[in-house]
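*Asks:* Below is a structure I'd like to ask you about.
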Amino acid sequence: MAKINVKINGVLIEVESGTRIIEAAKRLNIEIPHLCYHPDQRIKALCRICSVEVVGSKKMSAACSTYVWDGMEILTNTKKVYDTQKGILEMILANHKQDCLSCSRNGNCELQNLCRRFGIQRQTLDKTINPVYLDDNPCIERNMDKCVKCGRCDKICRDVQGVSAITWAGRSETFMFTTAYNKSLMDTDCVLCGQCTTVCPVGAIVEKDNTQTVREAIQDSGKHVIVQVAPAVRVALGDIFGLEKGTVVTGKMVTALKQLGFDKVFDTVFAADVTIMEEGNELLDRIRNNGILPMITSCSPGWVNYMEKHYSDQIDHLSTAKSPQQIFGAIAKSYYADKNNMNKKNIVTVSVMPCVTKKFEAARPEMATDGVRDVDIVITTRELAKMIQYAGIDFVALAESEFDSPLGEGTGAGVIFGTTGGVTEAAVRTVYEVVMEDELEKLEFKDARGLQGIKEAEVDLKGRKLKIAVAHGLANAQKIMEQIKAGTSPYTFIEIMACPGGCIGGGGQPLNTTIDGKKMRMDAIYEIDCSKKIRKSHENPEVQKLYQEFLGKPLSEKAHELLHTHYHKMNRRYDFSYLGES
Amino acid sequence: MTMAVKFMTKNFGRYDIRSLASYMEIGGLTALKKAIQMPGADIAALLTAAGIKGRGGAAYPMGKKWLQARAVKAAEKVIICNADEGEPCTFKDRTLIQNDPFNLLEGMIIAGYVIEAQHGYIYLREEYSYLKSILLNAIKQLTEKNFLGKNILGKKGFDYELHLCSGAGAYVCGEGTALIESIEGKSGRPRMKPPYIKQCGLYNHPTCVQNVESLSLVAAIVNDENNIYQTYGTKGEKNSIGTKLISVAGNVKQPGVFEIPFGITIRDIIYGLAGGLEGQPISLIQFGGASGKVASKDILDTPYSYEHLIKAGVGVGSGAILVVDESTSVIDFLITTQAFFSHESCGQCAPCREGNRHIRLLLQKIKDGVHTQADIEKLNSIADIMTVSSLCGLGQASQNALKTAMKVFPDAFKIMERGVKIG
């Protein structure tokens, strides 16, 4: 790239040509105010708060969309810039509900930050609030009266997920980002992946908060409240407490959960190992008995929803094994309850997940046994942080502790479930050894690793080549599914995660996660795997004990009853009744 | 000075607009035949010599635009004729299409030759759907006689097709990038720039957008061997050469479209061509459509030219002249104009969406006589913010009338003296 010289507020700086003003300013450690700009997204240039002066031009330039040129002189601190940026901010603010004290984004809101930065003191413009449309789902809440129309939700839903459930509508004063015909998310193509909640700069799209339900369960002395934590939470939670991105906080997290009052703190990684036992054996079964192939993973509930809504005719490709979250719940309410002589009705299972869709998965009617839900309450990484903050726990200063037994023992294979490619790698470690009856020497399965949208790999199983694909982000999943639909899919096994990066980039993860942050989390996950003594699911002693004492063997009748499920073909229906009789 | 002339309107009424043969009988397509014997750059040079500025409102030198478009190297290039004519009080393009459709298309074919485009699109205002048959018929006849299609007039490699499109009637679709979105079947919202459409426009092809009037001038200029066109207009350093089609409406006795030489006075136009006012005296005159600036009757003796109008604080814009008499107050006029923009803003960028909303609310306060000095300041600052920071021309220009009215008619914004409550 050719280097060019630009001046920002009189300071000369050399940047590559093709740099935008906002990026060039960042090199000088100047953050130009913005709302719609997001480093991982296409430029939108809608909020115009980043308007700056370019010497020689009467009009201002949007710093997010304007490329610098050699000799360009940019001013970011003049009266004209201040008046313009502040004026736009005030107008956006007038169209915002401003219920900051009761907003779930209080203290973590980009609009609030801008107001503080600009010293907004009192509202001088008339308030103009948009109407609200209620959403009926257990995961995502939309508060359109707080929407600042930045369009980040639209871009992530369209570009990354390829779903476009949220898009722009209306014009002028009625312009907004919403669903088609303002339908509730459930009645659209939305799969509740929650990626929109991770990019919304304000409280317009947020996860449904279940922290109070958790607190009430803990406070109920008649309940035995146990908690499971998904692998991707331990490499992300530290973000919220100011630790460097990708810091592993497993031990502190367990201590915090114990301090919060959970009776037992268990690890979803244990259940992930069980998932591998079931899913791996299901794959072998399908290969040996001419079952439906390729078999596709089903541990990402956003992905399962996507299959049900968008590719329901291909639904039999999904593995019937439940997700680790649900397997944990099912085992907790059977094996664990029996072992401890407890009535399963008195056990409350709480999950801490990097995901908002897990709330929906746990609420599925088929995810219950005898009318008792396998998983009672699901909270996200972000909600756990809120609970820790409420309790006044100094997270960073906490000592480390260990997960409880017996559902707290997990292998390296289970841990890497938290990143794209992890399920595949874990499955290969087990399937290879079961088939070959030989030890796998090289555990690292590099072809499945990394943030590339679709990855391909191959394993040689006694002469039978197993072709594998790994996809994350639903736009990539769509490409894989179109191949299957066309009958040209060369794969035997496919891993798909709804969220970009897998669970490390889940919809319930800390806000302001960029691609760089995801990379650090991914490195941390593999670091945990490396540090584990046991790195293959079938070697997990607690899992072996579970099969010996309770389940028999993988795919047994008992295992099927508890650990497998079925999916629905959902026809998308649109209601056009508003058009009238004609 | 001649008040009304016939240069680009010389064909009006002289041929059967439904017949190519009839058009050719009066000399139609001679410009095209002549043009394809010339190097493309020479044709652009003719436009430059004639000083033609784009007639959509931005007044960009047309010859320069063609040369730039010609210089872009691409496998496919596109020319769009902007016949959206959504600017209120502007109806000159309609007149050109109604009276001389073949001349417009001839201009488009010559443009295709010069710019080396393969496709031309006419984006016709949705409300002009009754003009569709005229254009489709003309395109069909031109195609049948190989004035469109492959190897036009036997010129090898000169392949050019014309297409007709309409949107759904949004004003913003007159903006080049929104127009392109609309042709592509998307909702008509302007794109951010860059990329500029001259590099990446319709279906990502380099695109050159021209107004109906600009294209309607082309054939006449190519045929104008004696440079008659250049005898019209104002003289001086930054002169306005030639003639201009204007549309005059409002409280005048004879509203209509007139071809005038640049340089006649506003008074000549309003009292001469448009027959003067209906009854009451002039309150204000708006130039260039709803996004244009306003002036008081003090402007009457100003010559109508690019340079004189700018000096007088207004501009040619789309060529519209709206005359408003004293039966409408300045504030009522602004509220009506504002209602238009509050309806037509696409809403995607914050300054235009929110700015138009708040100006609507503030103007209502002024009408109700309950505004304060702070409201006037807000009005000013919001209008300024919109001008400098909006994403597209709509937001940048929608407050032109307000801003000029505040300067020219300060009394209309006076704070009401209100009684003080006693006891």
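The values are calculated or read from the model by the stated rules, or taken from the named source; none is laboratory data. Here the structure is a predicted model, which means the values were calculated and not measured. All Cβ positions, glycine included, derive from the backbone under ideal geometry; neighbour counts span all protein chains shown. Each accessible area value is taken on the protein alone, full model and side chains, heavy atoms only, with ligands, DNA and RNA left out. Shrake-Rupley method; radii C 1.70, N 1.55, O 1.52, S 1.80 Å.
*Asks:* So, of the residues in the range B:331-375 that are away from chain A (no Cβ under 12 Å) and of a type in the set (D, E), which turns out to be most open to solvent (accessible area, probe 1.4 Å)?
*Replies:* B:D368
*Asks:* Any chance the range A:14-32 includes a residue that's touching a residue at least 60 places away in the same chain (Cβ under 8 Å) and more than 14 Å from every other protein chain (Cβ to nearest Cβ)?
*Replies:* No, there is no match, as no residue in the range A:14-32 is touching a residue at least 60 places away in the same chain (Cβ under 8 Å) and more than 14 Å from every other protein chain (Cβ to nearest Cβ).
*Asks:* Could you list all residues from the range B:101-140 that are hydrophobic (A, V, I, L, M, F, W, C) and either in contact with a Gly (Cβ under 8 Å, 6 or more places away or on another chain) or closer than 22 Å to B:G63 by Cα (or both)?
*Replies:* The answer is B:F102, B:L104, B:L105, B:M108, B:I109, B:I110, B:A111, B:V114, B:I115, B:A117, B:I122.
*Asks:* Scan the range B:376-399 for residues that are among the small types (G, A, S), more than 10 Å from chain A (Cβ to nearest Cβ) and either surrounded by fewer than 21 Cβ atoms within 10 Å (Cβ to Cβ) or assigned to a helix (DSSP H, G or I) (or both) and jot them down.
*Replies:* Those that are among the small types (G, A, S), more than 10 Å from chain A (Cβ to nearest Cβ) and either surrounded by fewer than 21 Cβ atoms within 10 Å (Cβ to Cβ) or assigned to a helix (DSSP H, G or I) (or both): B:A383, B:G393, B:A397.
*Asks:* List the number of the failed condition for A:E14; all other conditions in (1) more than 28 Å from A:R116 (Cα to Cα); (2) of a type in the set (D, E, K, R); (3) open to solvent by less than 70 Å² (accessible area, probe 1.4 Å) hold.
*Replies:* Result: A:E14 fails condition (3) only.
*Asks:* List the number of the failed condition for A:Q112; all other conditions in (1) open to solvent by 70 Å² or more (accessible area, probe 1.4 Å); (2) assigned to a helix (DSSP H, G or I) hold.
*Replies:* A:Q112 satisfies all of (1) open to solvent by 70 Å² or more (accessible area, probe 1.4 Å); (2) assigned to a helix (DSSP H, G or I) except (1).
*Asks:* Quick one: count up the residues across the range A:139-172 that are of a type in the set (S, T, Y) and open to solvent by less than 20 Å² (accessible area, probe 1.4 Å).
*Replies:* Qualifying residue count for the region: 1.
*Asks:* Shifting gears a bit: Just name the residue that is surrounded by the fewest Cβ atoms within 10 Å (Cβ to Cβ) out of those in the range A:36-59 that are at the interface with chain B (Cβ under 8 Å from one of its Cβ atoms) and within 26 Å of A:C153 (Cβ to Cβ).
*Replies:* A:I43
*Asks:* For the range A:133-141, indicate whether the set of residues that are within 14 Å of chain B (Cβ to nearest Cβ) and either in a loop (DSSP other than H, G, I, E, B) or not hydrophobic (A, V, I, L, M, F, W, C) (or both) is non-empty.
*Replies:* Within the range A:133-141 (the criterion being within 14 Å of chain B (Cβ to nearest Cβ) and either in a loop (DSSP other than H, G, I, E, B) or not hydrophobic (A, V, I, L, M, F, W, C) (or both)), the answer is no, since none of the residues qualifies.
*Asks:* If only one of B:D100, B:D16 is open to solvent by 10 Å² or more (accessible area, probe 1.4 Å), of a type in the set (D, E, K, R) and closer than 20 Å to B:L136 by Cβ, which one is it?
*Replies:* Selected residue: B:D16, the only one of B:D100, B:D16 that is open to solvent by 10 Å² or more (accessible area, probe 1.4 Å), of a type in the set (D, E, K, R) and closer than 20 Å to B:L136 by Cβ.
*Asks:* Let me ask you something else. Failed condition for A:V202, given (1) within 14 Å of chain B (Cβ to nearest Cβ); (2) not in a loop (DSSP other than H, G, I, E, B), with all others met?
*Replies:* (2)
*Asks:* Right, here's the next one. Check whether at least one residue in the range A:463-479 is more than 29 Å from A:P541 (Cβ to Cβ), assigned by TED's automatic domain parsing to the domain that holds A:E278, without any contact (Cβ under 8 Å) to a residue 24 or more places away in the chain and part of a loop (DSSP other than H, G, I, E, B), and report yes or no.
*Replies:* yes
*Asks:* Take A:L192 and tell me if it is more than 14 Å from chain B (Cβ to nearest Cβ) and crowded, with 24+ Cβ neighbours inside 10 Å.
*Replies:* Considered against the rule, which asks whether it is more than 14 Å from chain B (Cβ to nearest Cβ) and crowded, with 24+ Cβ neighbours inside 10 Å, A:L192 comes out as yes.
*Asks:* Here is a follow-up. Quick one: is A:G392 closer than 17 Å to A:P324 by Cβ and either in a strand (DSSP E or B) or at pLDDT 95 or above (or both)?
*Replies:* So A:G392 fails the test.
*Asks:* Now a separate question. Take the range B:265-281 and flag every residue that is surrounded by fewer than 22 Cβ atoms within 10 Å (Cβ to Cβ) and either of a type in the set (D, E, K, R) or in contact with a helix residue (DSSP H, G or I) (Cβ under 8 Å, 6 or more places away or on another chain) (or both).
*Replies:* Those that are surrounded by fewer than 22 Cβ atoms within 10 Å (Cβ to Cβ) and either of a type in the set (D, E, K, R) or in contact with a helix residue (DSSP H, G or I) (Cβ under 8 Å, 6 or more places away or on another chain) (or both): B:R267, B:D268, B:G276, B:L277, B:E278, B:P281.
*Asks:* So for the range A:179-193 (the condition being in contact with a Gly (Cβ under 9 Å, 6 or more places away or on another chain), under 16 Å from A:N305 (Cα atoms) and small (G, A, S)), does at least one residue qualify?
*Replies:* Checked against the condition, which is being in contact with a Gly (Cβ under 9 Å, 6 or more places away or on another chain), under 16 Å from A:N305 (Cα atoms) and small (G, A, S), the range A:179-193 yields no hits at all.
*Asks:* Given the criteria more than 25 Å from the chain's Cα centre (by Cα) and assigned to a helix (DSSP H, G or I), does B:K65 qualify?
*Replies:* The answer is no for B:K65.
*Asks:* Another question about this same structure. If only one of A:V163, A:V148 is within 14 Å of another protein chain (Cβ to nearest Cβ), in contact (Cβ under 8 Å) with a residue 60 or more places away in the chain and not in a helix (DSSP H, G or I), which one is it?
*Replies:* A:V148
*Asks:* Which strands (runs of 3 or more DSSP E) sit wholly inside the range B:140-250 and have at least 3 residues that are touching a strand residue (DSSP E or B) at 6+ places or on another chain (Cβ under 6 Å) and of a type outside the set (S, T, N, Q)?
*Replies:* Qualifying strands (runs of 3 or more DSSP E): B:161-166, B:243-250.
*Asks:* Still on this structure, I have one more. Is one or more of the residues making up the range A:180-189 in contact with a Lys or Arg (Cβ under 8 Å, 6 or more places away or on another chain) and within 14 Å of another protein chain (Cβ to nearest Cβ)?
*Replies:* There is no residue in the range A:180-189 that is in contact with a Lys or Arg (Cβ under 8 Å, 6 or more places away or on another chain) and within 14 Å of another protein chain (Cβ to nearest Cβ).
*Asks:* Could you count how many residues in the range B:298-332 are touching a residue at least 60 places away in the same chain (Cβ under 8 Å) and in a helix (DSSP H, G or I)?
*Replies:* 5
*Asks:* Could I ask something else about it? I'd like the residue in the range A:421-454 that is acidic (D, E) and open to solvent by 20 Å² or more (accessible area, probe 1.4 Å) and, out of all such residues, is nearest to the chain's Cα centre (by Cα).
*Replies:* A:D447
*Asks:* Taking the range B:207-244 as the search range and keeping residues that are surrounded by fewer than 20 Cβ atoms within 10 Å (Cβ to Cβ) and of a type in the set (S, T, Y), which one is nearest to B:T265 (Cα to Cα)?
*Replies:* B:T234
*Asks:* Out of contact with any strand residue (DSSP E or B) (no Cβ under 6 Å at 6 or more places or on another chain), of a type in the set (G, A, S) and within 14 Å of another protein chain (Cβ to nearest Cβ) - does that describe any residue in the range A:100-119?
*Replies:* no
*Asks:* Say we look at the range B:132-147 and pick out the residues that are without any contact (Cβ under 8 Å) to a residue 40 or more places away in the chain and open to solvent by less than 60 Å² (accessible area, probe 1.4 Å); which of these is farthest from B:G28 (Cα to Cα)?
*Replies:* Step by step, filter the range B:132-147, then rank; the result is B:S133.
*Asks:* Out of the range A:499-551, which residues are open to solvent by 40 Å² or more (accessible area, probe 1.4 Å) and among the β-branched types (V, I, T)?
*Replies:* A:I515, A:I534
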